[in-house]
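First up is the structure itself, then whatever we jot down about it.
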Amino acid sequence: MSTSTESFRDQLYNTDTSGRRVGFFPKRPKGRFYNRRKVVSVILLAIFFITPWIKLNGDPLFLINVFERRFILFGNVFMPQDFLLLALLMITLVYFIFVFTTVLGRIWCGWTCPQTIFLEMVYRRIEYWIEGDSAKQRRLAKKDWDWDKTWKRGLKHSIFVVIAFLVSNTVLAYIIGVEQTLTYIVEGPQAHLIPFIVIMLNAGAFYMVFSWFREQACIYVCPYGRLQGVLLNAKSLVISYDHKRGEPRGKLKTQATNPDQGDCINCNQCVAVCPTGIDIRHGTQLECVNCTACIDACDNIMDKINKPRGLIRYASSDQIDAGAPKYKLPAQAYAYAAGLVVALTLFTVFSIRSGDLKTKLLRAPGQTYTMTNDGNVTNLYNVTFINKKNEERELTMRLTGETGKLTMLGNNGLTLEPTGVSEASVLVELPPEALEGLSFDIGIEIVEGEEVVETIETKFNGPML
């Protein structure tokens, strides 16, 4: 640590002593990590805006239709009956975040979180383009309203609103599908007032977060920053200040005459570019989103004063204390990775086995068996079909054995609605010579066209022989 006191933790960087928010203007970052983050952001933004338009087997690639309780992931349809699969998916995602936080710190926050991507790579870049870098923004904020301030602020916020509406409609496309979203847009708010109000509220919230609330979402609202205090340890790879190399700090002009002075020249560029306003030299803090802006800023200064890069870098606490040049993956990371592989494997296997048709066959309530006039024995069953395909399907049912007869009451076949639930009653009739006791197993095949799509085993009850 660069300081012997922990008093910096007593107050958030974006508040004053009275607790009021302090507006700050981060300096525009530049450097190798920032360039890489721009590439990652462009890819993720493209995925976000393009995915609703992609179809797989006639279904959206990704859909979260909470209104109709229908979810699609890479063409696979999940319905409320797949609750265990959805629960396993959520557990896998949470485990994924925990694993990577423990090993790689808040890499999610700095590189892939929508809050960071939209704020740093969209909204703030628009601000830099219209209002200039931090110094110009600060002067513009302090000056009285004139034509220059009015048109700049007006243009900036107009673009902010347009982006908010674009994002809000894209989110809606993930929920109800892109076709339905386009229908709402074409037919207008008069025909679809409630969806329009939802879009307005969502866009308004999005605009407020990225035009005003900003870093407070990470500091106050998101629980992930506080979770890192539990998940991180001395072996986690985070953005770290090398206090052994940087301390004691001093001015550049005194380095030549003071051999004990560290490489940090107190230029405060790492603080100037931080989007949450922290001083990384105090160590890991909940406000740090691992955006790497401080690394680029420090490397640029080290280049100018002919010092090696890496005074601020990706490193673990143990690595800094030991003076190790390279990071070694801790043994626990392999155990975490193994657990994650197991969770992903289980989800994949169960997803494949679940298929696109789920059938539930139960004996009719209060029924055991019935004797016909010719001595045959009948059992009555209720069957429920869950069609996960987004198309109508024609099914029939038959017994696996050569003896006996299966009748679908009221219909010789069964028509399933697209992604719907259908029910029918089934009467199974067996001759006396086919009976094997009071209760025995029989097989029933579900047939679509000429293909047997599923085979069900159930109990058949008969009289005592």
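The values are calculated or read from the model by the stated rules, or taken from the named source; none is laboratory data. What you see is a predicted model, and the numbers here were worked out from it, not measured in a lab. All Cβ positions, even for glycine, are placed from backbone atoms using ideal geometry, and neighbour counts span all protein chains on display. Areas reflect the complete protein model, heavy atoms only, side chains present, ligands, DNA and RNA absent. Shrake-Rupley method; radii C 1.70, N 1.55, O 1.52, S 1.80 Å.
One table, with the values for the structure above:
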item	result
Candidate aspartates and glutamates for bridging to Lys328, where Cα separation is under 16 Å - those fewer than 8 sequence places away on the same chain excluded	Asp318
Stokes-Einstein D in µm²/s, Kirkwood radius over Cα pairs - the stretch 324-465 at 4 °C with 1.567 mPa s viscosity	71 µm²/s
Cα-Cα pairs of the stretch 106-181 separated by more than 20 Å (percent)	49 percent
For the stretch 42-142, the fraction of alpha-carbon pairs in successive 10 Å shells from zero, as %	12, 26, 32, 18, 10, 3
Rg/Rh for the chain, where both radii come from Cα atoms and Rh is the Kirkwood radius	1.15
The stretch 30-105: trypsin sites (Lys or Arg not before Pro) falling in loop per DSSP and having at most 16 other Cβ within 10 Å	Lys30, Arg69
Tail beyond 16 Å, pair distance distribution of the stretch 45-97 (Cα, percent)	50 percent
Highest to lowest packing among 236-245, 149-158, scored as the average C-beta count within 10 Å	236-245, 149-158
Label point distance in nm, Lys389-Thr458, each placed 7 Å from Cα along Cα→Cβ	2.2 nm
Accessible surface of Ile185 - all protein chains present, 1.4 Å probe, nearest 10 Å²	100 Å²
Alpha-carbon Debye profile of the stretch 301-399, log10 I(q)/I(0) at 0.25 Å⁻¹	-1.27
The stretch 22-94 - percent of accessible surface contributed by carbon and sulfur, probe 1.4 Å	72 percent
Most to least packed among 161-172, 86-97 [average Cβ atoms within 10 Å]	161-172, 86-97
Accessible-area ranking of Leu438, Leu227, largest first, probe 1.4 Å	Leu438, Leu227
Pair Lys328, Asn258: separation of 7 Å Cα→Cβ label points (nm)	3.5 nm
Where chymotrypsin sites (Phe, Trp or Tyr not before Pro) fall in DSSP loop in the stretch 326-362, at most 16 other Cβ within 10 Å	Tyr327
Helical segments meeting 30 Å axial Cα length and Kyte-Doolittle -1.0 threshold in the chain (DSSP H)	83-104, 147-176, 331-354
Projected area, mean over directions - the stretch 282-345, Cα convex hull, nm²	6.4 nm²
Per-bin percent of Cα-Cα distances, the stretch 167-225 [10 Å]	22, 41, 25, 13, 1
The stretch 424-465: GluC sites (Glu not before Pro) in DSSP loop, at most 14 other beta carbons within 10 Å	Glu436, Glu450
Interchain or long-range residues, amide H under 5 Å from Arg28's placed H	Ser134
Of all accessible heavy-atom area on the stretch 266-423, the percent that carbon and sulfur account for (1.4 Å)	53 percent
Proportion of all alpha-carbon pairs of the stretch 91-223 beyond 24 Å (%)	47 percent
Above-threshold pairs, the threshold being 28 Å between Cα atoms, out of Lys253/Lys326; Lys136/Lys304; Lys136/Lys244; Lys142/Lys304; Lys30/Lys149	Lys253/Lys326; Lys136/Lys244; Lys142/Lys304
Centroid-to-centroid separation of the stretch 26-102 and the stretch 275-344 [C-alpha atoms, Å]	26 Å
